[in-house]
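One structure below.
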Amino acid sequence: MISIVVLLFCNVLIAQEKGVIKDPRDGHIYQWIKIGKKAWLAENVKYNANPGSWVYNNDSTNASLHGRLYTWNAAMTACPKGWVVPTDDDWALLIEKLGGIDAAGGKLQDMDTIYWKANKKIPESAKTISTLLGGIRHGDNTYTGISLWGGLWSATVTNNMANNYLFAHGNKSIGKSSNAKGSALGVRCVKK
């Protein structure tokens, strides 16, 4: 399904295509939005890619809101057919289209309204929390950061470390970092 939505980013109206896809592996329906020339999921992936994916603190409420956390290797299999983990080049184009590194994080967090409108089962009290802020699972099996910050994998690897993009509550910028592939972060897919 495709429709057009008008978004207000920094007082500039932007008409965008949006729609839904159904993941045939588990039946989950994802919201997507086209930014520039690329379609991006408007929510984090929830597919159980075993081994290598977890729900934050094994709490199913966290799965419905933030999706799952994936090792880098599991992340490479997490996207629905026809969708992939974005590369650094994909991230750079997205960041540019959303006003640069100092504004794009806030605009991506604002896009959660697409997800909230489609998911009536999530309580109103949770709708102030960005789906991007899913925290991280460390290699020692501990979790940190949920609802405060989160990271999303890039498919790009630098010096045997996997690149990722970081978001923080109340911060409009996006940070770029790299982590060991055994850490577990969220995944936001882009259409091939």
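The values are calculated or read from the model by the stated rules, or taken from the named source; none is laboratory data. Keep in mind the model is a prediction, meaning the values are calculated, not measured. Positions of Cβ are backbone-derived with ideal geometry, glycine not excepted, and every protein chain shown enters the neighbour counts.
Every residue, every condition in (1) in contact (Cβ under 8 Å) with a residue 12 or more places away in the chain; (2) part of a strand (DSSP E or B); (3) in contact with a helix residue (DSSP H, G or I) (Cβ under 6 Å, 6 or more places away or on another chain); (4) surrounded by 24 or more Cβ atoms within 10 Å (Cβ to Cβ), yes or no:
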position: S154; (1), (2), (3), (4): yes, yes, yes, yes
position: L166; (1), (2), (3), (4): yes, yes, no, no
position: S173; (1), (2), (3), (4): yes, no, yes, no
position: K176; (1), (2), (3), (4): yes, yes, no, no
position: G182; (1), (2), (3), (4): yes, no, no, no
position: L185; (1), (2), (3), (4): yes, yes, no, yes
(request) Take region 112-141 and flag every residue that is among the aliphatic types (A, V, I, L, M) and either in a strand (DSSP E or B) or modelled with pLDDT of 80 or more (or both). (result) L132, L133, I136
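A quick yes/no check of all residues on (1) among the acidic types (D, E); (2) surrounded by fewer than 22 Cβ atoms within 10 Å (Cβ to Cβ):
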{"site": "D59", "(1), (2)": "yes, yes"}
{"site": "A63", "(1), (2)": "no, yes"}
{"site": "L69", "(1), (2)": "no, no"}
{"site": "W72", "(1), (2)": "no, no"}
{"site": "K81", "(1), (2)": "no, yes"}
{"site": "T87", "(1), (2)": "no, yes"}
{"site": "A92", "(1), (2)": "no, yes"}
{"site": "A103", "(1), (2)": "no, yes"}
{"site": "W116", "(1), (2)": "no, yes"}
(message) Can you tell me how many residues within region 33-58 are more than 30 Å from T142 (Cβ to Cβ) and either at pLDDT 95 or above or among the basic types (K, R) (or both)?
(response) 4
(request) Name, by its number, the condition in (1) farther than 28 Å from K192 by Cβ; (2) modelled with pLDDT under 95; (3) in a loop (DSSP other than H, G, I, E, B) that does not hold for D102. (result) (2)
(message) Would you confirm, using the coordinates I've provided, whether L133 is of a type in the set (A, V, I, L, M, F, W, C), closer than 11 Å to H66 by Cβ and crowded, with 17+ Cβ neighbours inside 10 Å?
(response) yes
(request) Return yes when T142 is touching a Ser or Thr at 6+ places or on another chain (Cβ under 8 Å), among the β-branched types (V, I, T) and either farther than 19 Å from G27 by Cα or crowded, with 17+ Cβ neighbours inside 10 Å (or both) and no when it is not. (result) no
(request) May I ask you to verify whether S64 is free of Cβ contacts under 8 Å to residues at least 60 places away in the same chain and assigned to a loop (DSSP other than H, G, I, E, B)? (result) no
(message) Condition (residue is under 15 Å from K46 (Cα atoms), of a type outside the set (S, T, Y) and touching a residue at least 40 places away in the same chain (Cβ under 8 Å)) applied to region 140-149: is it met by at least one residue?
(response) no
(request) Could you tell me whether region 130-152 includes any residue that is farther than 19 Å from A39 by Cβ and in contact with a Lys or Arg (Cβ under 8 Å, 6 or more places away or on another chain)? (result) yes
(request) Would you check if there is a residue in region 80-88 being basic (K, R) and either modelled with pLDDT of 95 or more or under 26 Å from A180 (Cβ atoms) (or both)? (result) yes
(message) Would you confirm, using the coordinates I've provided, whether A78 is in a strand (DSSP E or B), out of contact with any Cys (no Cβ under 6 Å at 6 or more places or on another chain), under 21 Å from G19 (Cβ atoms) and of a type in the set (A, V, I, L, M)?
(response) no
